Amino acid sequence: MKIGIIGYGKMGKEIRRQAESEGIGVAAVIDPGALEATAKAATPEALVGADIVFDFSNKDAVMGNIRAAAAAGKNMVVGTSGWSDKLPEAEEIVKQAGTGLVYSTNFSVGMSVFLRITDSASKMISRLEQYDIYVSESHHNQKTDAPGGTAKALAGIIMKNVPRKTKLAFDRIDGRKISPEELHVVSMRSGWNPGRHVVGFDSQSDNMELVHATRSRADFAFGAIFAARWISGKKGIYSMDQMMDSVLG
Ligand SMILES: NC(=O)c1ccc[n+]([C@@H]2O[C@H](COP(=O)([O-])OP(=O)(O)OC[C@H]3O[C@@H](n4cnc5c(N)ncnc54)[C@H](O)[C@@H]3O)[C@@H](O)[C@H]2O)c1
């Protein structure tokens, strides 16, 4: 397999490092600002030698990149975040081209499993009124959103499964007690932490915590390469969740 990488920043470089360590060749690197790039913009011609194309660029570039890969007849793994409103358009492009695409804003395979564990654990806890529930997440000090998308996804799963939690509390709670129907989601930003998520269940007599800690960007690159192998030879557009449904059965 030979790959093309659109967006040669932190993730693009990590994907190259990991791909090459697995004996996967890199046929194209596309980035307007990287010295190592083979092209500055994604065009069908620039992608010609790649069997599969990764996009880890930015939200304003991603639709143009999807169009270029589809025009070249290439399947794609899209990790770029912030373009979910354009998903129907992407679906149409991929359908017309007869190509395949898998997307996620978090390609950690472990996180995908963690979301499922949170789903089944919170279903059990919903029947046990003695437990309160919380979510906490911590990330490096360069992250600009809080809470992050994954913390929101965890909170969404809990809210769906636990009818006694009807309100999210993301911000500071000054001068009042948190009410029982609120699910507190806490964010901490500091240092170099690549991402740690905790789902906690707390009663008067015990505490349970589910923890997922990403060690480095390699976690996302591993999942993206896993997704590349999975989407090879497939047609249509899939979320990582749909991919994991088919992998886990
Ligand atoms: N899905 C995941 O698991 C996952 C993990 C980490 C980051 N991300 C997302 O991936 C994206 C990239 O993250 P990063 O940390 O590598 O960012 P980064 O800023 O280090 O790299 C982005 C690169 O994209 C390049 N770029 C910008 N416009 C481009 C275009 N039109 N064509 C080609 N390249 C272009 C930039 O020059 C830059 O080198 C972000 O949206 C981030 O949120 C996803």
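The values are calculated or read from the model by the stated rules, or taken from the named source; none is laboratory data. Note that this is a predicted model, so its numbers are computed, not measured. Every residue, glycine among them, receives a Cβ derived from its backbone with ideal geometry; neighbour counts consider all protein chains shown.
When each of ILE178, ILE158 is tested for being of a type in the set (Val, Ile, Thr), on the phi < 0 side of the Ramachandran plot and part of a loop (DSSP other than H, G, I, E, B), the lone residue that passes is ILE178. Within segment 78-95, residues that are on the phi > 0 side of the Ramachandran plot and part of a helix (DSSP H, G or I) reach no partner that is buried (at least 19 other Cβ atoms within 10 Å of the Cβ) and modelled with pLDDT under 95 with beta carbons closer than 8 Å at six or more positions or on different chains. Suppose the filter is within 16 Å of the ligand (Cβ to nearest atom), modelled with pLDDT of 95 or more and of a type outside the set (A, V, I, L, M, F, W, C); does TYR134 pass it? In short, no.
Can you tell me how many residues in segment 70-100 are within 12 Å of the ligand (Cβ to nearest atom) and surrounded by fewer than 14 Cβ atoms within 10 Å (Cβ to Cβ)? Give the steps one after another, and end with the answer.
Residues of segment 70-100 within 12 Å of the ligand (Cβ to nearest atom): 77-84.
Those left that are additionally surrounded by fewer than 14 Cβ atoms within 10 Å (Cβ to Cβ): 82, 84.
So the count comes out to 2.
Just one residue in the set VAL185, VAL211, VAL198, VAL247 is away from the ligand (no atom under 16 Å from the Cβ) and crowded, with 18+ Cβ neighbours inside 10 Å; that residue is VAL185. Looking at this structure, is ASP60 under 17 Å from GLY233 (Cβ atoms), surrounded by fewer than 23 Cβ atoms within 10 Å (Cβ to Cβ) and either in contact with a helix residue (DSSP H, G or I) (Cβ under 6 Å, 6 or more places away or on another chain) or at pLDDT 95 or above (or both)? Taking the combined requirement at face value, the residue does not satisfy it. If you filter segment 13-38 down to residues that are small (Gly, Ala, Ser) and more than 9 Å from the ligand (Cβ to nearest atom), you find that the one that is surrounded by the fewest Cβ atoms within 10 Å (Cβ to Cβ) is GLY23. When segment 51-69 is filtered for residues that are assigned to a loop (DSSP other than H, G, I, E, B) and within 14 Å of the ligand (Cβ to nearest atom), the ones remaining, listed by number, are PHE56, SER57, ASN58, LYS59, ASP60, ALA61.
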